[in-house]
Amino acid sequence: MMIDNTFFKMAPEAPRVMRIAGWIVVVVLSILAIASYIVGFFVSFKTLMWWIAAVFAGLAILYAIVFVWLKPIYAYHIFGYQYSEQGIVVREGFIFNQQTKIPLFRIQNIDIDEGFIMRKYRLATLTFSTAGGNTKIKLIKKQQALKVKRLIQGIVVEDEDVTKNADDEQAEIIDENYDKMIDMQSNEKE
């Protein structure tokens with residue numbers, strides 16, 4: 001589908017954004033752990049609350065290791081995308097890597113999403129909607145996202161114009177055939 005194997009990467013700020021989002025979850029889990037521990041002093045089932053606090057603390061530590069430390073580094077190196085007149089290829093994954101190819105004529109809608117953390121770093125996520133589902137190009141520069149969106153919409157519009165012209169020609173042929181069939185039927189009746 002593509003001519004070369006060069007993939008565009010995420011923006012260099014992308015790992016930082018993933019880490020900030022991960023730290024938000026870690027802070028929430030830590031607050032739940034601390035709250036469970038403190039509530040344990042005021043209820044009759046102290047050990048249960050302390051176990052719940054230990055579970056929240058363990059989840060916070062595990063989440064910090066995986067989603068704050070490992071995943072941003074790994075995702076930044078694995079993720080890539082490329083586009084051409086034929087379609088888009090997106091390579092992604094954390095544990096299992098996958099490569100998704102989308103022909104341009106299958107794309108029904110293109111959305112640009114910005115979260116509040118992404119907006120600070122001027123990043124965006126492009127979402128391509130097809131009949132088979134959605135594919136995302138994550139954490140790229142907003143200007144690059146707009147450029148890709150315009151380019152793909154321009155190519156798709158050109159393809160639709162060519163298809164529309166072909167459909168118009170086909171419709172004219174069908175109309176001519178229909179007129180001939182009507183003439184033949186009227187001749188048979190006479």
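None of the figures in this text is laboratory data; all of them are computed from the coordinates on show. Note that the coordinates shown come from a computational prediction; the quantities given were computed from them, not determined experimentally. Positions of Cβ are backbone-derived with ideal geometry, glycine not excepted, and every protein chain shown enters the neighbour counts.
With the simple spin-label model, which puts each label point 7 Å out from Cα in the Cβ direction, the Asp111 to Thr47 separation comes to 4.9 nm. In region 59-138, a dipole from Cβ-located charges (positive for Lys and Arg, negative for Asp and Glu) runs towards its positive end, and of Gly132, Val66, Ile107 it is Val66 whose Cα lies farthest in that direction. Estimated at 0.36 nm per residue, the fully extended path between Val55 and Leu70 surpasses their Cα-Cα distance by 3.3 nm. Sorting the Cα pairs of region 13-57 by distance into bins of 10 Å, from 0 upward, gives 32, 34, 20, 12, 3 percent per bin. A convex hull fitted to the Cα coordinates of region 11-136 yields 140 cubic angstrom per residue. Given 25 °C and 0.890 mPa s, compute D for region 1-80 with the Stokes-Einstein relation, Rh being the Kirkwood radius over Cα pairs; round to the nearest whole µm²/s. Here the translational diffusion coefficient equals 167 µm²/s. Pairs of lysines 8 or more apart, or on different chains, with alpha carbons under 14 Å: count those in region 1-146, would you? Taking the Cα cut-off of 14 Å, the pair count is 8. As a rough guide to protection, the peptides 127-133, 52-58 ranked by mean Cβ packing within 10 Å, highest first, stand as 52-58, 127-133.
Show me 92-98, 73-79 ranked by packing, highest mean number of other Cβ atoms within 10 Å first.
Per-residue mean Cβ counts within 10 Å order the peptides as 73-79, 92-98.
Relative intensity of region 110-155 on a log10 scale, I(q)/I(0) at q = 0.17, 0.20, 0.34 Å⁻¹, equals -0.45, -0.61, -1.20, per a Debye sum over C-alpha point scatterers of equal strength in the absence of solvent. You can think of it this way: the chain between Lys136 and Leu151 has 3.8 nm of extra reach, that is 0.36 nm per residue less the Cα-Cα gap.
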